Amino acid sequence: MTNVPKRNTALMVRGSVVKVRRTCGKAQCKCMEGALHETWALSYSYQGRTRMIPLREEDIEIAQQAIQRYQKALNRLESQAIKGIKHLHATVKAAKRRKR
């Protein structure tokens, strides 16, 4: 039994779902003539290197939803940061006016 939940609505992932096309290296395989093997993978950057996690068909949608949740959370955080900068700027500006 694995520790990975089937559906996790709180799961967030930074990365992209990509289709990987490659040859297997077998001399008689159709991929040597150009019909490459295709698989889906989660591509992400970790410690300055791009990593890939192969995905099963049933995991593609789960990964895409997790990426969307990450993007929404990142957008909310960015919006809060901008509001914070504007508030801090206004506070500093007001303090300078009071000193004059």
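Only the coordinates and a few stated rules stand behind these numbers; no lab work does. A quick note: this is a predicted structure, and the numbers were derived from the prediction, not measured. Glycine also receives a Cβ, built like all others from the backbone with ideal geometry; neighbour counts cover every protein chain displayed.
Inspection of the stretch 30-41 finds no residue satisfying the criterion of being out of contact with any helix residue (DSSP H, G or I) (no Cβ under 8 Å at 6 or more places or on another chain), in a helix (DSSP H, G or I) and among the β-branched types (Val, Ile, Thr).
Summed over the stretch 7-48, the residues that are of a type outside the set (Val, Ile, Thr) and over 11 Å from Ala63 (Cα atoms) give a count of 24.
Here the condition is being assigned to a strand (DSSP E or B) and under 19 Å from the mean Cα position of the chain (by Cα); of Ile53, Ile67, Ile60, it holds for Ile53 alone. Of everything listed in (1) in contact with a strand residue (DSSP E or B) (Cβ under 8 Å, 6 or more places away or on another chain); (2) surrounded by 12 or more Cβ atoms within 10 Å (Cβ to Cβ), the single unmet condition for Ala66 is (1). Among residues of the stretch 73-100 that are under 30 Å from Leu11 (Cβ atoms), those with a beta-carbon under 9 Å from a residue that is charged (D, E, K, R) at least six positions away or on a different chain give the pairs Leu74/Arg14. Counting only residues that are among the acidic types (Asp, Glu) and surrounded by 11 or more Cβ atoms within 10 Å (Cβ to Cβ), the stretch 14-62 holds 2 of them.
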